[in-house]
Structure formats: C-alpha cells, structure tokens
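Notes to accompany the following structure.
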Amino acid sequence: LNEERGQAVASELGGLFVRCDVSSTDDADTVVAAASEMGPLRALVNSAGLGHPGRTIDRDNQPMDLSKFEFVLRVNLIGTFNMLSRAAGAMASTEPLDEDGQRGSIVNMASVAAFDGQIGQAA
C-alpha cells in the first residue's frame, strides 16, 4: 500500500486517507471514527478483496497451505463484515435523512471470481 500516494490523492480530493487492514477490528473502528469526525457517516463502499494463486492440491497431490486460504477469507469475508457492521453502527446513530428513516448506504463490491471459479485459484 502506497501511503504517500494515498495521502496525496486524499489531499487533492479534499478527503482523508487512513491506512486500514479491513480484517482488524481496531483499524475498522479507527477508520469509522476518522470518517465520522468529518461529518455524519452516510456511505461505505467495501471494495477490498484479493485472491491467492494456488490449486486445492498441487501436482504432487499435496494440499494448498491453509494459511493462504485463511488470509483470503479474512480479507474478503471477515473484512467485509467487519467494515459494514461498524459503518452500519455509526450510520444508525445519525439523524435520518428522510421520512423513511434512511441514514446511509453500504455497497459491497465483488469480483467476477465470486460467481465464476478461476482456474488456478482455490482461494
């Protein structure tokens, strides 16, 4: 992660850059708190995701290292839930935007790999 570039882009756009490991509850809390200091949190776009090249078993019929699979799940699944649950909590604490009680929106992104298995990617 190029933090220097992140800071520069955020500054250029009038935003804020906060480094975050989405699977870390402490980092997620820090991001939500930092965003909330700028005003009521009204949106979250979850787009962090990754894959790891590797087959379920290799050519010698040995299983893929489970730690690699766990890392992908921590980012793609746990990280998504971690961020959306914390953002939802912050949004629920704000005043409604309209008579329907809307307080914000959360968008969870996924790659095509979520729906179509990729050759050579068990995780």
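Readers should treat all values here as calculations from the given coordinates under stated rules, not as data from a laboratory. As the structure is a prediction and not an experimental result, all values here were calculated from the model. Backbone-built Cβ (ideal geometry, glycine too); neighbour counts: all protein chains shown.
Annotations for the structure displayed:
- Label-to-label distance, Leu13 versus Gln102, with points set 7 angstrom from Cα along the beta-carbon direction: 2.1 nm.
- In degrees, nearest ten, helix 3-13 long axis to first principal axis of the chain (Cα): 40 degrees
- Restricting segment 18-123 to trypsin sites (Lys or Arg not before Pro) that sit in a DSSP loop and have at most 14 other Cβ atoms within 10 Å of their own Cβ leaves Arg19, Arg55, Arg59.
- Distant-in-sequence amide contacts of Gly54, defined by a placed amide H-H separation under 5 Å and a gap of 5 or more residues or a different chain, comprise Gln121, Ala122, Ala123.
- Here the simple spin-label model places points 7 Å from the Cα toward Cβ, and for Thr25 and Arg42 these points are separated by 3.1 nm.
- Qualifying chymotrypsin sites (Phe, Trp or Tyr not before Pro) for segment 30-123 [loop in DSSP, other Cβ within 10 Å: at most 16]: Phe115
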